[in-house]
There are 2 protein chains.
Amino acid sequence: MNLDFSKGLIPAVIVDDHTNDVLMVAYMNEVAYRKTIETGQTWFYSRSRQKLWNKGASSGNYQTVKNIYIDCDGDTLLIRVDPQGPACHTGNKTCFFHQLTRDGDIIQLEESTAHTSVFDNVMAEVEE
Amino acid sequence: MNLDFSKGLIPAVIVDDHTNDVLMVAYMNEVAYRKTIETGQTWFYSRSRQKLWNKGASSGNYQTVKNIYIDCDGDTLLIRVDPQGPACHTGNKTCFFHQLTRDGDIIQLEESTAHTSVFDNVMAEVEE
């Protein structure tokens, strides 16, 4: 099993190691992947700007890498991180704060209700 | 906010609605997205076979869609599903069953230890 960069950039799914929330998806080339491992912070390759970027370098919202997983065919990464702040450039904790309704509309979620899961309820009960 | 297929295929991160595990990442074109919404099951576009596929059509491991989220720039999907069986063609629950060690090796995880999280422990305690 090796990571396969032959098809081009590899998507990296970034997950909050504490909450299990999917925070964002960004792309890595081999250099970004190497820098992520070397520095313990996430580095990506911007498709629009066509250059490397270190998540948090401008915002301060660095992501400290906790674990890296590779999928069965070696062309997707799952990276669990300890986020130092919101993942999204909008200031939202996660980039996935729009939801498709049953009516086919796309609505913006309130920060507090985004990705509420059974685990949130369990944790709330445990903490009470 | 609209889903933007202008850059090509859109990656869809598939998450188990019960466990919060990231199961797989696959790609959708607009037809696959529409069929996913219409049928309530996941449909993807295979980059290698260059055709639509309905997850579970050959294996029986369909994924029932629970919720669909769209990221801030409309070019990535997060789909929470109720999986009817393993997501991975290898028979693993999730496609992300390889982990990068601190020594730089890629090791295969045992099914039972893959993606163990604090939530797994909490749930185990709650169920006991």
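Within segment B:108-118, restricting attention to residues that are open to solvent by 70 Å² or more (accessible area, probe 1.4 Å) and either of a type in the set (Ser, Thr, Tyr) or within 19 Å of A:Thr36 (Cβ to Cβ) (or both), which residue is modelled with the highest pLDDT? Give the derivation first.
As a first pass, look at segment B:108-118 and keep what is open to solvent by 70 Å² or more (accessible area, probe 1.4 Å): B:108, B:110-113, B:116, B:118.
Filter once more, keeping what is either of a type in the set (Ser, Thr, Tyr) or within 19 Å of A:Thr36 (Cβ to Cβ) (or both): B:112-113, B:116.
Working: B:Ser112: 53, B:Thr113: 49, B:Thr116: 46.
Within segment B:108-118, the match that is modelled with the highest pLDDT is B:Ser112.
Does any residue of segment A:91-104 turn out to be under 14 Å from A:Pro11 (Cα atoms) and either among the β-branched types (Val, Ile, Thr) or not in a strand (DSSP E or B) (or both)? No, the conditions are met nowhere in segment A:91-104. For segment B:74-102, a residue qualifies if it is closer than 11 Å to A:Phe96 by Cβ and either surrounded by fewer than 16 Cβ atoms within 10 Å (Cβ to Cβ) or among the hydrophobic types (A, V, I, L, M, F, W, C) (or both), and the qualifying residues are B:Leu77, B:Leu78, B:Ile79. Taken together, the residues in segment B:66-88 that are within 13 Å of another protein chain (Cβ to nearest Cβ) and either in a loop (DSSP other than H, G, I, E, B) or more than 22 Å from B:Thr19 (Cβ to Cβ) (or both) amount to 10. A:Met1 - would you say it is in contact (Cβ under 8 Å) with a residue 24 or more places away in the chain and over 15 Å from B:Thr76 (Cβ atoms)? So A:Met1 passes the test. Filtered by the rule that a residue be of a type in the set (Val, Ile, Thr), open to solvent by 20 Å² or more (accessible area, probe 1.4 Å) and over 11 Å from the mean Cα position of the chain (by Cα), segment B:54-70 gives a lone residue, B:Thr64. Taking into account only those residues within segment B:1-27 that are open to solvent by 60 Å² or more (accessible area, probe 1.4 Å) and of a type in the set (A, V, I, L, M, F, W, C), which is nearest to the chain's Cα centre (by Cα)? Ranking the candidates gives B:Leu9 first. Test B:Tyr45 against the criterion of being in contact with a Lys or Arg (Cβ under 9 Å, 6 or more places away or on another chain) and buried (at least 16 other Cβ atoms within 10 Å of the Cβ), and give yes or no. For B:Tyr45, the condition - in contact with a Lys or Arg (Cβ under 9 Å, 6 or more places away or on another chain) and buried (at least 16 other Cβ atoms within 10 Å of the Cβ) - is met.
When the residues of segment B:28-38 are narrowed to those that are free of Cβ contacts under 8 Å to residues at least 40 places away in the same chain and closer than 15 Å to B:Tyr69 by Cα, which ends up surrounded by the fewest Cβ atoms within 10 Å (Cβ to Cβ)?
So the first thing to find is which residues in segment B:28-38 are free of Cβ contacts under 8 Å to residues at least 40 places away in the same chain, and the list is B:29-32, B:34-35, B:37-38.
Filter again for closer than 15 Å to B:Tyr69 by Cα, leaving B:34, B:37.
Working: B:Arg34: 12, B:Ile37: 14.
By that ranking, first place goes to B:Arg34.
The values are calculated or read from the model by the stated rules, or taken from the named source; none is laboratory data. Fair warning: this is a prediction, and the values are worked out from it, not measured in the lab. Here Cβ is always computed from backbone atoms with ideal geometry, including for glycine, and neighbour counts include all displayed protein chains. Note: accessible area is taken over every heavy atom of the protein model, side chains too, but ligands, DNA and RNA are not part of it. Shrake-Rupley method; radii C 1.70, N 1.55, O 1.52, S 1.80 Å.
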